[in-house]
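Notes follow once the structure below has been shown.
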């Protein structure tokens with residue numbers, strides 16, 4: 001299957017169209033991701049931000065064919081990666097793509113590392129698996145990789161086991177394994193959520209450097225708005241399985257158009273100001289099983305109009321390169337200076 | 001805010017045996033989880049303890065809750081050292097000092113109804129009729145913005161944020177003078193976090209109860225606390241009023257922590273992309 | 001397997017186990033013949049579908065003319081009775097010791113666990129032979145012997161589970177709330193360790209049935225003329241080639257019962273300990 005031609009001559013590395021993921025439930029299919037479009041250009045960092053249950057992890061797993069089989073998920077839509085369509089690949093072909101062209105960094109490094117083997121050998125194994133070993137030097141390459149993820153004293157560390165390393169170090173090892181295949185796209189699923197704040201800062205630094213030096217594209221999934229603001233070029237905001245807003249980082253944070261985005265930004269307690277009370281979003285996100293007519297955010301939206309409750313809004317352009325799924329998007333805020 | 005010191009740690013040290021083994025035998029030395037810490041909480045005061053994982057803050061919390069004994073130093077409750085507390089005083093301590101823990105999944109017994117969970121402090125102390133207990137449980141649940149009827153349901157029916165509210169209700173039911181909260185919002189989503197922080201602040205203000213907030217997040221501590229202590233490697237490295245401390249930190253670790261906090265603002269964030277590596 | 005198929009299979013296995021138990025309970029009333037005495041004129045008759053067989057004795061008769069089917073049914077009663085009592089006793093004793101060891105910790109834990117180690121190393125057959133020789137075998141003695149051999153496993157599991165639960169936040173909270181150790185064990189520990197213990201107990205039912213069969217086979221189990229599957233196999237030893245049905249049917253009965261018990265344990269494990277079971 002070939003990808004549709006692209007207008008500007010600049011082909012996206014990843015072009016996801018209409019991706020939907022649903023799980024079997026008692027009364028039919030439960031939608032967890034609905035009609036998502038994601039486009040990542042080479043060398044771009046795109047963040048997907050949303051709260052738990054919004055479907056962002058399922059999206060990432062679906063792209064890599066990693067949804068657990070026993071869950072019986074149904075995946076529809078198309079995902080073009082450098083010309084090839086991912087979702088229709090057979091498992092063997094998918095395995096070749098995974099690690100080689102697209103690598104994943106999961107949230108929990110302990111789950112990704114084998115506790116029985118030293119980390120050095122796990123990196124070597126990744127190098128060998130992707131046929132990147134030049135000559136008979138996988139050992140040396142592994143040490144280089146560990147050095148490139150800024151692991152101090154790679155020689156010693158390579159001999160250690162995962163449980164002997166701190167969380168931050170483990171996440172770096174996972175990063176090294178991910179980079180072993182020389183991928184073009186890195187999908188990072190909340191990699192810093194379990195890390196300390198100072199360790200997180202260093203890790204994001206590392207990712208930014210890797211991204212710049214290798215022209216890596218990153219799909220960064222997180223619930224942390226600060227991380228998105230630091231690392232990403234563009235942001236997609238997800239709510240209840242749908243994309244509700246997409247914009248460049250500077251546009252989104254300076255002038256959010258969707259009510260949810262703005263409420264989210266307002267509810268973060270400031271560091272350098274005293275506040276009496278925080279702005280909150282009343283209620284809780286809808287459960288995937290619930291069938292609501294109209295906009296899924298309407299029950300919690302300060303601007304709930306009748307139309308919002310009756311008809312679900314569609315994604316509409318909201319600026320040069322932004323989209324927003326709202327009947328009454330917020331007006332653009334003009335930035336000073 | 002009176003000047004009565006409710007709970008105090010005086011030069012507290014907690015050592016754990018070194019878990020590393022060398023050739024099958026335990027390696028020498030111990031881990032100093034808490035290294036000569038002194039900390040006082042006055043009546044009605046909101047104290048913050050901020051630090052990253054492994055700095056000893058949770059261990060300190062357990063010591064101050066008298067759930068573990070310090071290796072050296074003492075915990076004082078209303079002036080009396082812990083080892084010298086009479087049974088009556090200890091019972092009073094258990095009534096007056098209540099914890100709220102981080103992980104809502106593990107901090108509620110999955111096999112008990114919410115009502116029994118929330119009323120446990122009252123039932124453990126005895127001396128109340130069933131009707132009294134039911135009434136107090138209903139009051140506690142409503143104080144945390146849940147319904148009295150939720151008492152009959154099981155924890156699994158509730159979301160993470162609601163479970164944390166249940167844990168808070170449980171801490172409030174015995175009308176304590178001091179609540180120790182260990183990372184009360186860390187595992188919550190951003191929007192739920194704001195709701196719970198508002199709730200905690202309103203409880204602190206209205207019940208005039210002293211609070212010890214333990215967190216790794218500076219902005220949480222800024223929002224909730226009158227005074228903050230920064231902890232690193234078992235020691236308190238700096239203390240002060242958040243407004244002043246965050247504006248001009250004295251200790252390099254505090255600076256590192258402050259720099260590592262990522263605000264949801266791109267321009268600002270880019271300026272601080274390279275924090276000093278400790 | 002999808003969730004719906006799992007639930008159906010659990011129901012099916014429960015139904016099977018239930019029928020076995022029901023059979024055991026009503027056996028005396030529905031046996032077609034007297035399982036204790038036989039008609040010598042009809043000895044060694046083959047099962048009904050073979051030449052020489054008769055639908056009066058559907059599974060054939062043994063060396064003294066007793067109806068095999070009736071003996072099998074009564075044997076079910078004996079086996080399940082022993083299994084239920086031995087497992088129940090072992091569970092209660094083992095859990096009590098395990099919880100005490102796990103919650104108290106320290107020297108109490110060490111002492112009790114040494115006791116458990118001792119009990120685990122007891123050789124069941126030798127013990128049974130000894131008891132059989134000294135006191136003479138009886139139903140109660142067998143339950144006690146098997147129970148003594150079994151309880152240690154429960155103690156170990158109960159202790160490990162208690163330690164796991166003891167370290168959870170809600171137990172910390174209970175202590176901070178002033179709950180007494182007894183209250184903590186009763187309200188927090190027991191309900192949360194019951195699941196795995198019940199699964200273990202169910203799986204042990206199969207083991208006990210085999211144990212009892214072995215003891216009966218060796219002659220130190222259920223004393224004759226009570227029909228026990230193990231002794232039925234022993235009786236049929238000399239006729240393995242000529243009247244094979246005397247050995248085979250009791251063997252098949254043991255196999256099926258153990259299979260059902262194990263399936264039940266498996267299914268219970270799925271529903272009682274779902275977090276541990278999911279891959």
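Readers should treat all values here as calculations from the given coordinates under stated rules, not as data from a laboratory. Everything numeric in this text was worked out from a predicted model, so none of it was measured. No Cβ is skipped: glycine too gets one built from the backbone with ideal geometry, and neighbour counts run over all protein chains shown.
Overview of results
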{"item": "Residues B:191, C:138, A:255 arranged by fewest to most Cβ contacts within 10 Å", "result": "C:138, A:255, B:191"}
{"item": "Cα-based equivalent ellipsoid, region A:205-337: semi-axes from gyration tensor eigenvalues, Å", "result": "27, 19, 16"}
{"item": "Separation between Cα centres of region A:240-308 and region B:166-234, rounded to whole Å", "result": "24 Å"}
{"item": "Between 0 and 90°, nearest 10: helix B:87-96 axis offset from chain B longest Cα axis", "result": "80 degrees"}
{"item": "Cβ neighbours within 10 Å from other chains - mean over A:226-235", "result": "4"}
{"item": "Over region C:187-279: Rg over Rh, Cα atoms, Kirkwood Rh", "result": "1.18"}
{"item": "Kirkwood Rh in Å, taken over region A:12-134 so that all alpha-carbon pairs contribute", "result": "16.2 Å"}
{"item": "Rg/Rh for chain A, where both radii come from Cα atoms and Rh is the Kirkwood radius", "result": "0.98"}
{"item": "Dimensionless Rg ratio for chain B, taking C-alpha atoms and the 2.2 N^0.38 Å reference", "result": "1.06"}
{"item": "Ordering of A:200-212, A:172-184, C:32-44 by burial proxy (mean other Cβ atoms within 10 Å per residue, highest first)", "result": "A:172-184, A:200-212, C:32-44"}
{"item": "P(r) tail fraction, region B:9-166 - alpha-carbon pairs more than 28 Å apart, %", "result": "39 percent"}
{"item": "Kirkwood-based Rg to Rh ratio, region C:3-277, C-alpha trace", "result": "1.08"}
{"item": "Packing-based order for A:288-296, A:304-312, using average beta carbon neighbours within 10 Å, highest first", "result": "A:288-296, A:304-312"}
{"item": "The protein assembly as shown: Cα Rg divided by the 2.2 N^0.38 Å rule of thumb", "result": "1.15"}
{"item": "Euclidean distance between Cα centres, region A:104-169 to region A:12-58, Å", "result": "30 Å"}
{"item": "Nearest 10 degrees, 0 to 90: helix C:190-218 Cα axis against chain C principal axis", "result": "30 degrees"}
{"item": "Hydrodynamic radius by Kirkwood, which averages 1/r over all alpha carbon pairs of region A:65-158, in angstrom", "result": "15.6 Å"}
{"item": "Residue exposure sequence - A:259, C:49, C:244 - by fewest surrounding Cβ within 10 Å", "result": "C:49, C:244, A:259"}
{"item": "Sum of -39500 (n - 2.57) over DSSP H runs of 4+, divided by residues of the protein assembly as shown (222 nm, nearest 500)", "result": "-14000 deg cm²/dmol"}
{"item": "Relative counts (whole %) of C-alpha pair distances in region C:42-131, using bins that are 5 Å wide", "result": "3, 12, 12, 12, 10, 10, 9, 8, 7, 6, 5, 4, 2, 0"}
{"item": "Helix B:160-172 vs. chain B, principal-axis angle (Cα, 0 to 90°, nearest 10)", "result": "70 degrees"}
{"item": "Rg(Cα)/(2.2 N^0.38 Å) for region C:156-200, N = residue count", "result": "1.13"}
{"item": "Packing-based exposure ordering (other Cβ within 10 Å, fewest first) of B:254, C:61", "result": "B:254, C:61"}
